[in-house]
Structures are given as C-alpha cells and as structure tokens.
1. When you go through B:VAL267, B:VAL235, B:VAL171 one by one, which is the residue that is facing another protein chain (nearest Cβ under 8 Å) and either in contact (Cβ under 8 Å) with a residue 12 or more places away in the chain or touching a His at 6+ places or on another chain (Cβ under 8 Å) (or both)?
2. Show the residue pairs that are 6+ apart or on different chains and have beta-carbon atoms under 6 Å apart, the first residue being within the stretch A:71-99 and over 18 Å from B:LEU5 (Cβ atoms), the second being open to solvent by less than 10 Å² (accessible area, probe 1.4 Å) and not in a helix (DSSP H, G or I).
3. Please specify each residue of the stretch B:175-215 satisfying the condition of being touching a residue at least 24 places away in the same chain (Cβ under 8 Å) and over 24 Å from B:ALA263 (Cβ atoms).
4. Restricted to the stretch A:87-105, and to residues that are aromatic (Phe, Trp, Tyr) and surrounded by fewer than 19 Cβ atoms within 10 Å (Cβ to Cβ), which residue is farthest from A:GLU171 (Cα to Cα)?
5. Considering B:SER17, B:SER68, which residue is on the phi < 0 side of the Ramachandran plot, crowded, with 19+ Cβ neighbours inside 10 Å and more than 8 Å from chain A (Cβ to nearest Cβ)?
6. Restricting to the stretch B:176-192, count the residues that are farther than 15 Å from A:ARG9 by Cβ and in contact with a Ser or Thr (Cβ under 7 Å, 6 or more places away or on another chain).
7. Of the residues B:GLY13, B:GLY34, B:GLY19, which single one is farther than 30 Å from A:THR182 by Cα and of a type in the set (Gly, Ala, Ser)?
8. In the stretch A:162-189, how many residues are facing another protein chain (nearest Cβ under 10 Å), assigned to a helix (DSSP H, G or I) and either touching a residue at least 24 places away in the same chain (Cβ under 8 Å) or open to solvent by 60 Å² or more (accessible area, probe 1.4 Å) (or both)?
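The values are calculated or read from the model by the stated rules, or taken from the named source; none is laboratory data. Computed from a prediction, not measured in an experiment: that's the story for all the values here. Positions of Cβ are generated from backbone atoms using ideal geometry, with glycine treated the same way; all protein chains shown enter the neighbour counts. The accessibility values were calculated without ligands, DNA or RNA, using every heavy atom of the protein model including side chains. Shrake-Rupley method; radii C 1.70, N 1.55, O 1.52, S 1.80 Å.
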Amino acid sequence: MSDVPIRFRAATEETPLARFLLIGGVLLGLAVLLFAPLIVVFFEALRDGALAAVASLANPEAASAIRLTLIVAAIAVPLNAVFGIAAAWFVTKFDFRGKAILITLIDLPFSVSPVVAGLCIVLTFGANSLIGGVLVGHGFPIVFALPGIVLASVFVTFPFVARELIPVMIEQGRAEEEAALTLGASGWRVFFTVTLPNIRWALLYGVLLCNARAMGEFGAVAVVSGKIRGQTATMPITIEMLYNEYLSVAAFSLAAVLALLALLTLTLKTGLEWRYADQLAANHRH
Amino acid sequence: MKQPLVHQSPIPGLGLSAGITLTMLSIIVLLPIGALLLQGAASGVDVMWAAINTKRTWGALLLSFRLSLIAALFNLVFGVAVAWVLVRYRFPGRKLLDAAVDLPFALPTAVAGIALTALYAPNGAFGAIAKDLGFKIAYTQWGILIALIFVGLPFVARTVQPVVEEIEREVEEASATLGASRAHTIRHIILPMLTPAALTGFALALARSVGEYGSVIFIAGNIPMKTEIAPLLIVIRLEEFDYPGAAAIGIAMLLISFMMLLAINAVQVFSRRRIGYV
C-alpha cells in the first residue's frame, strides 16, 4: 500500500473504470451496430472480385435504375429547395396567424410512415381515384410512373430544406433585408444579394440531406412505382428485386454505390458542420 | 381587438412565397393525407373496424409498436451514453465516430436491410456465431429489433449531445463540494438535465421505427402473426387492391403514432416544468 496516486481524480470526473467501460461499450456498440453493416455491403459486393461488381453495374437493368434515380433526384431536390426557400421566407419575413400550425404541417411528413405516404399518393392519384382517373384519361398517369415516384420522394423529404433554413433566417432577422429595401433594391435583388449569401451553407446542408434521402427512398417509392423493370425501378427498388432473385453480388454492388453516396453525404455534411457551424441551423449540435 | 390575418410588412414577396408554400403543401402533403382520411370515411367505421379487427392486423400493429418501443428504449440508454462519451471524453477516432453516428440517416433503408440480413443470417458473420450458440437472429423478431435499433440510433444521441455540451461544470463542482458522490451527482443533477432532450429523441426514434419498412422487411421473415410488421401488411393489402383495408391500417398507424407523440410531448412539458429549461 505504499503506492502514492500520481494524480487525484477530479470530483467532476467518473472513475477510470466507469470511463473505460463507457468508452468501450459505446465503441463496441457502434462497431457492431453501424460499422459492421457498412463493411458487409462492400464485402458482399466484392465477393466475386471487383470486375464482377463493376460488370453487374453495367447491365441494362442496373444502368436504367441508376438513370431513373438520378432523374428523380434531379426533379425532386430542386422542387424541395424552392419550397424550402419559399416556406422559410414566408414564415420568417412575415407575421401571420396560424404560423405554428403551418410549421407543424410542414414537419408532418417526418412522422408519417413512408409506406403510408405511398398509400396516400396511390389513393389520391391512382387510376381509381377522382384526380388520377381524369389524368390517366388524358394520357398522364401518375402512379406506377415517374410523376408518382417524384411525388413520393418530395413527400418524404418535404421538411428537409425548410427545417434547415427557418432557424437560420429567424436568427438573422429582417434588418439587413429592410436596409437593402430602403436603399432602393428590388425584392429579387435583396434575395439574391442579401438573403441568399447568408443562408447558402444552410441551404446546401438541407439540399445534401434531401438528396441523400430522395436517392435512397424505398418504402414510399415501393408503393407508388409498381416496380416495372427498366421503367419505374429506382436503385433501391432494383436492389430489392436483385436480392430476392438471389443475385447477391449484383444487389450488393448497387447497394455499395448507394453506400458510397451515403459516405460522401456524411463527409460533406461533417465538413460543412466544422467549417460553417455558425451559419447552420441553431438547433444543430454546434 | 381581432388580430389581422397578416401583419403589414415592408418586405416584398408575401404573395409569391405564401403561394408556393401553401400550394405545394396542399398538393403534396395535405391532399394525399386528406385522400387517406376520405377513403376511411367513405368506407365507413364498420368496414374500417372489420379490416383492423382481425388477428393478423392486430398482430402486425402490436408487433410494430412493441418492438419499436423496445428499440427506442435501448436507443434511449445507448444514445445518452454515446452523447456523453462524444462530448466529455477525448480518445483517438472521436471525430470520426461523431460523424458516423448519422450513418443510419444517410444510408438508404434498403441497403441497411440487406446488409443487416447478410450479417445476421445463419450463414452471416454474426448469424453464424448465434447459430453456434443455438439461436436465430435473422427471420425472427430479434432481427426486426436489430433493424429498428439501427434506424433509430442517431435520434437520442443527436438531441442529447448539444445539452451535454451546455452543462456548466460549476453545477457539478457545486454538487461535489457539497459532498455528493459522482454517482449521486449524475443521478440527481445530470440525468434530470438531459431528460427533456432524451425524451424528445426517444419520441422521434419511436415514431421513425413504427413506420419503418425498408430496413425491416429483408431481415424479418414476414410470417403473419410472428414477424409481419404493420407497414408490410399495408403493402400486402395494396397488392391485393384492397384499398379500404390498406387505408384502415394506414389511418390506425397515423392515429396511434400521433397519440404517442402527444403523450411524450406531455411528459416533456411536465419534466420541463419540474426541472426548468436547460
């Protein structure tokens, strides 16, 4: 018992044992729950070698799925960005009754199951519905076609951009815009030269998350797409079809592409958080 | 004195921004949800109840909610631990870990679904270990639970993390100088401060898990009454063109998750009132 402790533990620290157990438990938990599934995607994709994986991506079905997913994202993400900017402008630059209800309604899609979202779109725009019947009659089907997939993608990503912009624009207030107006700038000029530079990183952040979700959406798209091979099968839907046909390498190769996209999204998102923390939504962690 | 609907403002763009916002909200969100409720009203309470009141539907609804609750409870504890470790301790790889916590948000659910299945199937890396120990994970309720834990993982960690960052060390020091043990301080000072945020994260994780489809269906096995989740039953009803049946389950899910969110909101208001805003 001659050992003299080299350093006393501060009263606001846990014992070394508790600390070790906490860090160890968290590391082990995250390794098993997060990293193992991620690694398995690439492991399974490369099971027959890199050539087989690349070849499976070049097959027409996979190629058409990649094309469709890019088209859907190219329509859904800008739509969402326009909505997000308009909604944030409306909510933060004006005072009106029912603002809280409006914000709740914008957030509503977060608490709706993607499958229920798809169901809602089928019931609204399906061939048996009032609106869908008329549109199909005029040769413009929505469900089991591209417009339905876009609608489903916009529904599930609806709050993404607005949610990022609203807190940032509340924090920035209206003084800068009002000053520009008194100096004679037009509304659009105020938006492009005053507001947009203030919100650009938050906008990019929202668009990034929106894009990741739009390209990866499965449940809502599965319901509205009809899963027609080469026509309405997006990447996630094609992954399901290939997997169910026991074409494991093909399924995991396509999954690996989406996993790489997810990693790229996380990297860019983290980069934005480190670099522009002060210009991102206040309710984030920095 | 009645308030005007919209206050005067010198800033232009009211008509345009309100127009875009309300039009898109109506077409994309309100109209479809209205159509679901209308389908329910059109088929009537009796038909709706008949569609829900079957053993299979009850089984699916109860399974979804029970497993989501367990997964959210696990994530409540694990998420607080993750937030604490990421904020309070310094170790190599911490920043990487911090970024990686959001992986379930970024990884498409279908990708997560087939990856978890490959891992936990009897011939997978973890599944083989389980098989040697004499039990099965994939294609059982354990598999569903793992998928739901995966999708709900970031919520509690992300809501609690900023609160841990803002705890003032003085509070903990005061508690220690007054003779409290570290365990006592954590139990009576720190955890109460984290409670409102943790409950918010819990509610978000719960709402997400209840409706989760993509990551679950591959690993679930999808056997009625055993491993068939409620969203899958909606898809099955739709494939049978049983729209009233699908709508009934959809409305039930909407209502129950809405009520759960309200309940948790009430708990949150209550704990805030007791503890005060942190």
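1. B:VAL235
2. Filtered contacts from the stretch A:71-99: A:ASN80/A:THR157.
3. The answer is B:GLY214, B:SER215.
4. Across the stretch A:87-105, the extreme among qualifying residues is A:PHE96.
5. One residue alone meets the criteria, B:SER68.
6. The qualifying residues number 1.
7. Just one listed residue meets the conditions, B:GLY34.
8. Residues meeting the conditions: 5.
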